[in-house]
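Student: One structure, pasted below without further comment.
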Amino acid sequence: MQQEYTISLFTEDHIGILSRITLILTRRQINIESITASESAVSGVQMLTMVVTTTPDMVNKVARQIEKLVDVIKVFVHTNQEIISQEIALYKVTTSGLMSGSMIGDLVRLYHARILEVTPEYIVVEKSGSREEITALLAFLEPCGVLQFVRSGRIAITRQVKELNAYLKEMDAAERTRHEPSEVYN
Amino acid sequence: MKEMKKPAVEQDTNNHESQITGAEALLKCLIEEGVDTIFGYPGGAIMPVYDKLLDYSDSLRHILTRHEQGAAHAAQAYAMVTGRPGVCFATSGPGATNLVTGIANAFLDSVPVVFITAQVTSGLIGTDAFQETDILGISMPVTKWNAQVKKAEDIPDAIARAFYIARSGRPGPVLVDISKDAQFASLSYSYRKCTYIRSYNPVIPLQMRDIESAAVMINHAEKPLILAGHGVILSSAADELRALAEKGAIPVAATLLGLPAFPNKHRLFAGMLGMHGNYAPNVLTNQADLIIAVGMRFDDRVTGNLKKYAPEARIIHIEIDKAEINKNVRVDLEINNDAREVLEALIPLVRQVSREKWIREFRMLDRIEYEKVIRPETEPDEGELRMGEVVKTVSDLTEGDAVIVTDVGQHQMAVARYYGFNEKSTLVTSGGMGTMGFGLPASLGAASGNPGRPVIAFIGDGGFQMTIQELGTIMQYRIPVKILLLNNSFLGMVRQWQERFFNSRYASTEMVNPDFVTLAGAYGITAHRVTRREELHEAIKTMLAAEGPYLLETVISREANILPMVEPGASVSEVTLTYR
Ligand SMILES: Cc1ncc(C[n+]2csc(CCOP(=O)(O)OP(=O)(O)O)c2C)c(N)n1
Ligand SMILES: [Mg+2]
């Protein structure tokens with residue numbers, strides 16, 4: 001059964017790592033529906049959030065293959081219930097269209113959107129929320145003439161997973177107590 | 001940029017003694033990592049490194065192959081016989097792209113090789129400069145790790161990481177691409193071996209709970225079967241494997257690369273798995289109630305049809321690479337760790353038992369295979385020479401004490417089936433990728449890493465001609481490899497499939513071959529051709545006794561087939577013993 005998953009992963013900030021990750025997904029014919037790259041709470045550690053639709057079995061296989069990459073620190077796979085996620089969207093609509101009726105009021109009251117800029121020709125509206133909410137607002141604005149629409153990738157915060165900081169601390173602690181690496185191939 | 005382009009000599013005079021060029025630093029790093037042999041091929045971008053090599057010829061031997069692919073395979077074979085990472089140099093552009101087959105081959109068979117490619121001057125990278133290719137991008141899917149270095153001072157750290165990553169965890173090839181200006185520029189040199197990378201944890205703590213579960217499963221099983229792969233050899237776990245098998249009376253079947261992991265004459269040896277493996281282990285995989293897979297990855301050539309694979313068995317998978325677990329086959333117990341450590345911990349918990357009835361089932365099927373396939377192949381009384389008898393003769397004469405190299409095709413399967421591997425044997429073959437042309441360059445790499453041990457390369461007439469130019473390398477360095485050419489004048493393995501699955505329509509598989517004996521002679525390599533059974537034994541003895549390189553061409557049956565066979569789509573238990 002195909003399902004939507006959010007893969008969030010932490011990597012070293014090294015060139016090429018994104019290519020390596022997408023290669024793994026491409027080989028398995030998994031489309032990345034959205035991707036967001038940002039700094040994480042730990043300096044020097046990059047965070048990627050990707051949304052993919054695939055089977056539970058496949059998402060686990062690719063997660064393991066991604067985690068195997070030398071520059072990848074940790075990979076988490078979440079179903080939508082396990083995360084709090086947001087997307088952000090900007091809408092540019094005609095001023096004349098938006099000013100008619102009670103649309104402006106509904107925009108703020110019902111859709112919790114913000115107005116960023118007003119000119120005689122257009123108004124720029126900002127909305128953050130779930131994908132559904134953003135799509136709903138787009139439908140609402142459609143009648144007044146949408147000149148441009150852009151939405152971000154998903155960003156997500158997990159509900160139950162251990163903080164990355166804690167992981168890194170543990171790893172470094174293990175490193176300090178570790179004896180010489182027992183390399184397998186000697 | 002401008003300063004960096006100054007010739008190295010000039011810089012040296014301008015700088016203090018601790019300052020050396022990037023090119024020299026690279027060589028010093030290799031020496032620190034214990035490297036003594038490099039396989040490679042020069043060209044414009046890597047010339048600063050080659051220039052410095054002249055100054056280090058006392059500690060670093062460079063073997064000039066005749067093609068970069070040959071250098072890559074040689075370096076891999078060197079790693080497989082020495083247990084130390086192989087090292088391979090190539091220049092930018094075509095030099096680098098010529099490596100790709102060799103890199104991919106090492107990747108699929110988990111062999112540590114450090115590839116050093118040169119890159120055009122950093123200011124030109126990305127401009128489609130002369131002999132610039134994006135080797136980082138090209139090699140990404142087939143390296144464990146790769147990196148580009150554009151500053152001399154970054155070379156030591158990159159090399160340290162390269163070696164650490166290549167040989168730790170599940171080993172594999174890595175590539176470091178060094179721009180020409182970084183080779184010329186100087187740095188103040190110091191070297192520290194890499195022992196830790198935050199994002200990479202090859203050493204995994206052992207979970208005793210899992211080991212205990214495994215022991216319980218083994219102790220309760222009636223028909224357990226061990227599947228041993230290359231990982232057993234990579235982790236030096238052959239002794240532990242044997243101890244476990246003997247204590248628990250568990251038959252051991254091997255993958256192609258796992259064959260030397262268990263003495264093939266041992267009463268518990270079940271044979272090779274998979275497409276052209278032995279009858280008993282294929283059939284009995286589907287009767288086993290427990291499969292203990294050690295350092296193997298359930299390749300499709302091993303499992304046949306996955307839907308009908310091991311239906312009766314619970315599966316324990318002992319594997320250092322977590323991504324291999326549950327990839328092809330769902331397992332009941334995953335033990336993500338080094339094979340030797342796991343087996344060591346497991347042995348004391350396994351009960352000493354005997355399983356005569358289960359072991360007898362293997363012997364019964366062995367007898368059927370012997371009568372129908374093995375005897376006619378290895379002890380024919382008439383007809384043309386057969387691959388099996390050639391391999392068997394070499395096996396008997398060397399008693400397993402040799403480095404056995406193969407190319408890819410029918411002859412490779414004949415070697416796998418009819419050479420008796422034991423603890424003294426090393427097998428160098430292309431498993432995961434099945435790269436024709438691997439054999440000859442691999443044999444010279446193996447011999448360079450293992451002076452004193454006999455190196456015998458079984459090569460088909462097709463594959464031989466894919467990298468035949470390496471005869472030049474063998475000649476130049478007098479590398480004492482014994483080349484056993486199995487000449488059937490066909491791309492035999494493909495011809496077999498055409499016979500079986502395409503109505504014997506031999507599309508482009510028959511070959512008009514050169515006179516190989518004369519050809520070897522042109523390279524100053526002693527050579528001899530055998531066509532008759534009566535001469536075979538003596539001819540092989542002569543080959544084995546020869547001092548230097550030697551080529552023995554055996555003219556074998558043109559249209560012989562490798563059997564048994566698990567045909568595409570069939571289950572392992574549906575293994576075919578004979579055609580027609
Ligand atoms: C580089 C490469 N190209 C093509 C193949 C497909 N292939 C597999 S076996 C084989 C025939 C090999 O012929 P030969 O070397 O004469 O060995 P034989 O099977 O006759 O023993 C071919 C073409 C391959 N494995 N590798
Ligand atoms: Mg042939």
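Student: Every residue in the stretch B:151-184 that is without any contact (Cβ under 8 Å) to a residue 60 or more places away in the chain, charged (D, E, K, R) and within 11 Å of another protein chain (Cβ to nearest Cβ), please.
Tutor: The answer is B:Arg161, and nothing else.
Student: Also: Just one of B:Leu256, B:Leu234, B:Leu241, B:Leu225 is buried (at least 19 other Cβ atoms within 10 Å of the Cβ) and under 17 Å from B:Val331 (Cβ atoms); which is it? Let's see the steps before the verdict.
Tutor: Values: B:Leu256 fails: under 17 Å from B:Val331 (Cβ atoms); B:Leu234 fails: under 17 Å from B:Val331 (Cβ atoms); B:Leu241 fails: under 17 Å from B:Val331 (Cβ atoms).
After applying the criteria, what remains is B:Leu225.
Student: Whether any residue in the stretch B:305-313 is surrounded by 24 or more Cβ atoms within 10 Å (Cβ to Cβ), out of contact with any strand residue (DSSP E or B) (no Cβ under 6 Å at 6 or more places or on another chain) and touching a residue at least 60 places away in the same chain (Cβ under 8 Å) is what I want to check.
Tutor: no
Student: Of these, B:Ser430, B:Ser425, B:Ser443, which one is of a type outside the set (A, V, I, L, M, F, W, C) and touching a Pro at 6+ places or on another chain (Cβ under 8 Å)?
Tutor: On the way: B:Ser430 fails: touching a Pro at 6+ places or on another chain (Cβ under 8 Å); B:Ser443 fails: touching a Pro at 6+ places or on another chain (Cβ under 8 Å).
Matching residue, one of B:Ser430, B:Ser425, B:Ser443: B:Ser425.
Student: Okay, moving on. Of the residues in the stretch A:19-36, how many are out of contact with any helix residue (DSSP H, G or I) (no Cβ under 7 Å at 6 or more places or on another chain) and away from chain B (no Cβ under 11 Å)? Give the derivation first.
Tutor: First, pick out the residues of the stretch A:19-36 that are out of contact with any helix residue (DSSP H, G or I) (no Cβ under 7 Å at 6 or more places or on another chain): A:22, A:26-27, A:29, A:31, A:33-36.
Of the ones still in play, those that are also away from chain B (no Cβ under 11 Å) are A:29, A:31, A:33-36.
Final tally of qualifying residues: 6.
Student: Looking at the stretch B:419-441, which of the residues that are surrounded by fewer than 24 Cβ atoms within 10 Å (Cβ to Cβ) and within 16 Å of ligand 2 (Cβ to nearest atom) is nearest to the other protein chains (Cβ to nearest Cβ)?
Tutor: Of everything passing the filter in the stretch B:419-441, B:Gly434 is nearest to the other protein chains (Cβ to nearest Cβ).
Student: Scan the stretch B:489-511 for residues that are away from ligand 1 (no atom under 13 Å from the Cβ) and among the hydrophobic types (A, V, I, L, M, F, W, C) and jot them down.
Tutor: Kept after step one, since they are away from ligand 1 (no atom under 13 Å from the Cβ), are these residues of the stretch B:489-511: B:500-505.
Residues satisfying the conditions are B:Phe501, B:Phe502.
Student: Among (1) away from chain A (no Cβ under 14 Å); (2) surrounded by fewer than 23 Cβ atoms within 10 Å (Cβ to Cβ); (3) not charged (D, E, K, R), which single condition is B:Ala323 missing?
Tutor: (1)
Student: Can you find, within the stretch A:1-18, the residue that is farthest from the other protein chains (Cβ to nearest Cβ) among those that are exposed (fewer than 13 other Cβ atoms within 10 Å of the Cβ) and farther than 24 Å from A:Ile157 by Cβ?
Tutor: A:Gln2
Student: Next question, about the same structure. What single numbered condition from (1) more than 13 Å from ligand 2 (Cβ to nearest atom); (2) of a type in the set (Phe, Trp, Tyr); (3) more than 27 Å from the chain's Cα centre (by Cα) fails to hold for B:Tyr506?
Tutor: Against the list (1) more than 13 Å from ligand 2 (Cβ to nearest atom); (2) of a type in the set (Phe, Trp, Tyr); (3) more than 27 Å from the chain's Cα centre (by Cα), B:Tyr506 comes up short only on (1).
Student: Let me ask something additional. Of the numbered conditions (1) among the hydrophobic types (A, V, I, L, M, F, W, C); (2) within 16 Å of ligand 2 (Cβ to nearest atom); (3) over 20 Å from B:Asn487 (Cβ atoms), B:Met387 satisfies every one except a single condition; which is it?
Tutor: So B:Met387 meets the others, but not (3).
Student: I've got another one for you. In this structure, is B:Lys180 touching a strand residue (DSSP E or B) at 6+ places or on another chain (Cβ under 8 Å) and surrounded by fewer than 23 Cβ atoms within 10 Å (Cβ to Cβ)? Can you show your working first?
Tutor: On the way: touching a strand residue (DSSP E or B) at 6+ places or on another chain (Cβ under 8 Å): yes; surrounded by fewer than 23 Cβ atoms within 10 Å (Cβ to Cβ): no.
So B:Lys180 does not fit the description; no.
Student: Across the stretch B:392-418, which residue is farthest from the other protein chains (Cβ to nearest Cβ) among those that are near ligand 1 (Cβ under 9 Å from one of its atoms) and not in a helix (DSSP H, G or I)?
Tutor: B:Gly409
Student: Looking at the stretch B:322-386, what helices (runs of 4 or more DSSP H) fall wholly within it and have at least 2 residues that are aliphatic (A, V, I, L, M)? Please lay out each step first, then the result.
Tutor: Working: elements: B:339-346, B:356-369, B:375-378.
The helices (runs of 4 or more DSSP H) meeting that bar are B:339-346, B:356-369.
Student: Quickly run through the stretch B:305-321 and pick out the residues that are under 22 Å from B:Pro224 (Cβ atoms) and assigned to a helix (DSSP H, G or I). Show your work before the answer.
Tutor: As a first pass, look at the stretch B:305-321 and keep what is under 22 Å from B:Pro224 (Cβ atoms): B:306, B:308-320.
Hits for the stretch B:305-321 are B:Leu306, B:Lys308.
Student: Further question on the same structure: Please name all residue pairs, on different chains or six or more residues apart, with Cβ atoms under 7 Å, provided the first residue is in the stretch A:50-67 and is at the interface with chain B (Cβ under 8 Å from one of its Cβ atoms) and over 16 Å from A:Thr22 (Cβ atoms) and the second residue is of a type in the set (Gly, Ala, Ser) and buried (at least 20 other Cβ atoms within 10 Å of the Cβ).
Tutor: A:Arg64/B:Ala323
Student: Picking from B:Arg500, B:Arg558, B:Arg495, B:Arg529, which residue would you name as being charged (D, E, K, R) and more than 16 Å from ligand 2 (Cβ to nearest atom)?
Tutor: Values: B:Arg558 fails: more than 16 Å from ligand 2 (Cβ to nearest atom); B:Arg495 fails: more than 16 Å from ligand 2 (Cβ to nearest atom); B:Arg529 fails: more than 16 Å from ligand 2 (Cβ to nearest atom).
Going through B:Arg500, B:Arg558, B:Arg495, B:Arg529 in turn, the sole match is B:Arg500.
Student: Which numbered condition trips up B:Gly449, out of (1) within 13 Å of the chain's Cα centre (by Cα); (2) away from ligand 2 (no atom under 15 Å from the Cβ); (3) surrounded by 24 or more Cβ atoms within 10 Å (Cβ to Cβ)?
Tutor: (1) is the only condition that B:Gly449 fails.
Student: Among the residues of the stretch B:421-432, is there at least one that is touching a helix residue (DSSP H, G or I) at 6+ places or on another chain (Cβ under 6 Å), over 24 Å from B:Glu371 (Cα atoms) and of a type in the set (Asp, Glu)?
Tutor: no
Student: Would you point out the residue of the stretch B:462-492, among those that are among the polar types (S, T, N, Q) and in a helix (DSSP H, G or I), that is farthest from ligand 2 (Cβ to nearest atom)? Full working, then the answer.
Tutor: Step one: list which residues in the stretch B:462-492 are among the polar types (S, T, N, Q), which gives B:465, B:467, B:469, B:473, B:476, B:487-489.
Subset that is in a helix (DSSP H, G or I): B:469, B:473, B:476.
Details: B:Gln469: 19, B:Thr473: 23, B:Gln476: 27 Å.
The selected residue is B:Gln476.
Only the coordinates and a few stated rules stand behind these numbers; no lab work does. Computed from a prediction, not measured in an experiment: that's the story for all the values here. Reconstructed Cβ throughout: ideal geometry from the backbone, glycine too, with neighbour counts over all protein chains shown.
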